[in-house]
Structures are given as C-alpha cells and as structure tokens.
Amino acid sequence: MVTTIIFVRHAKAKYGEDDRIRPLTEAGLKSREVVVETLKNIHIDRFLSSPYKRSIDTIQTAADYFGMKIETDERFRERKAGTWDDTWLAKRWADFSCAEEGGECLASVQARNIEALKEVLAKYAGETVVIGTHGTALSTMLNYYDKSFGLSDFLRIVGWMPYVVELTFEGDKLVAKKDLAHVATKVE
C-alpha cells in the first residue's frame, strides 16, 4: 500500500527568544500561497504539524483551503538549540551524537521524528498526509532514508522557506522523493 507524505518546511519566521511561538515574517505570510498552489490539485487526507507556531501557520492556509483541521505532534518539533557557535553545525552533521551545550543532538531529533513518521505511516497507510515541519527535523528524516544526505544538502535547503517535498512510501520503505516547491529566502 502506497502512502504519500508531503513535508512542508515552514516559511520565513521572525527570530525571537521563544522558539515555539516565533511568528512568520510578512514575506513568510505571503509565501504560504505557494503551499496552497502546490497542494490544491492533490488529494489530501489530513494535515499534521509540529506544534511550533511557524509550522502551523505555514500550512494553515492550505488546511483552510481543504476545510481540514491541523493535528499537532510534539515529536515533529525542531531541534533544541543551545549556545550558538558556527563551528557546531559541521560537528553535529559529522557526528549525530554531538551537540553544543544546552542543545539537542541530531540523533535525538532524528529518532523522535522517525518514531512519529513511522506511526503516521502505520496509522494512515494509503493516505496522503501533509506534515508541517522544520529544516533540521526534515533534514534528519531525509538522512535516515538516504545516508548520503548530509551537511551540504542541509545547507542547500536551509534558505528554502517554505520547502515542499513529497515522499512516497510502500509500508515504511521510502520508494520515491520529489521536490514540489520552495521559496528561496535570505538566511540571517
């Protein structure tokens, strides 16, 4: 049985102290239309999301278009960031068990996201599910299914906000990946 998961990495958000409630920028709010345009001719069965405001807000317009509610799952949240230091990005991608002080390692992010995704694949087998997510969370899931997906791939998509990618599964085996849309934004 084929299940389609369409991940939507959030649109451009404002930076702030509380990562969970960061709103979208004006440009981010406008770019949600790309998500609607990308999804409007696809049969969608349900919308799920990280509980973070920017992820929900990015797919809300599309959920409204389809007349559906968004269910949240805490496991799809973004990586907990610790002390910022540019040198940690490469270290984390070289060793998924590595994290800066107060931060979450990529192995932890990957494990909880994959646990949630496998549950979705089992529970909604045969359906098309849209999941609002984050750059690092999505990247660790892509790495799970394709170990060659690494730092350079993450850096390629880090400025794509939103980024819409379709993954096709037979059971819990990934059989196809297709980029559907993205808006290139300047990363600050």
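The values are calculated or read from the model by the stated rules, or taken from the named source; none is laboratory data. Computed from a predicted model, the values in this text were never measured in an experiment. Don't worry about glycine lacking a Cβ; one is built from the backbone with ideal geometry, like all the others, and counts go over all protein chains shown.
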- among the aromatic types (Phe, Trp, Tyr), under 26 Å from residue 170 (Cα atoms) and assigned to a helix (DSSP H, G or I) - does that describe any residue in the range 57-74? yes
- Message: Looking at the range 82-91 only, could you name the residues that are in a helix (DSSP H, G or I) and touching a Gly at 6+ places or on another chain (Cβ under 8 Å)?
- Response: 88
- Condition set under 12 Å from the mean Cα position of the chain (by Cα) and under 18 Å from residue 23 (Cα atoms), scope the range 159-171, selection surrounded by the fewest Cβ atoms within 10 Å (Cβ to Cβ): answer is 160
- Task: Please enumerate the residues belonging to the range 10-31 that are among the acidic types (Asp, Glu) and in contact (Cβ under 8 Å) with a residue 24 or more places away in the chain.
- Result: 19
- Query: Can you tell which of 87, 72 is of a type in the set (Val, Ile, Thr), over 27 Å from residue 4 (Cα atoms) and either modelled with pLDDT of 95 or more or out of contact with any Cys (no Cβ under 7 Å at 6 or more places or on another chain) (or both)?
  - Reply: 87
- Members of the range 1-24 found to be assigned to a loop (DSSP other than H, G, I, E, B) and at pLDDT below 95, listed by number: 1, 14, 15, 16, 17, 18, 22
- Unmet criterion (only one of (1) out of contact with any helix residue (DSSP H, G or I) (no Cβ under 7 Å at 6 or more places or on another chain); (2) within 22 Å of residue 30 (Cβ to Cβ)) for residue 67: (2)
- Note on the structure: Residues of the range 32-53 being outside any loop (DSSP other than H, G, I, E, B) and free of Cβ contacts under 8 Å to residues at least 60 places away in the same chain, in sequence order, are 33, 36, 53
- Task: Considering only residues that are out of contact with any Pro (no Cβ under 8 Å at 6 or more places or on another chain) and either among the aliphatic types (A, V, I, L, M) or buried (at least 18 other Cβ atoms within 10 Å of the Cβ) (or both), look in the range 47-59 and name the one that is farthest from residue 17 (Cα to Cα).
- Result: 47
- Message: Every residue in the range 140-158 that is touching a residue at least 12 places away in the same chain (Cβ under 8 Å) and closer than 24 Å to residue 16 by Cβ, please.
- Response: 140, 154, 157, 158
- Can you tell me which of 117, 89 is of a type in the set (A, V, I, L, M, F, W, C), buried (at least 19 other Cβ atoms within 10 Å of the Cβ) and in contact (Cβ under 8 Å) with a residue 12 or more places away in the chain? 117
- Item | Enumeration of residues in the range 122-143 that are within 14 Å of residue 4 (Cα to Cα) and either modelled with pLDDT under 95 or surrounded by fewer than 22 Cβ atoms within 10 Å (Cβ to Cβ) (or both) | 122, 123, 124, 125, 126, 127, 128, 129
- Message: So in the range 101-113, with the set limited to residues that are buried (at least 17 other Cβ atoms within 10 Å of the Cβ) and in contact with a Phe, Trp or Tyr (Cβ under 9 Å, 6 or more places away or on another chain), which one is farthest from residue 146 (Cα to Cα)?
- Response: 103
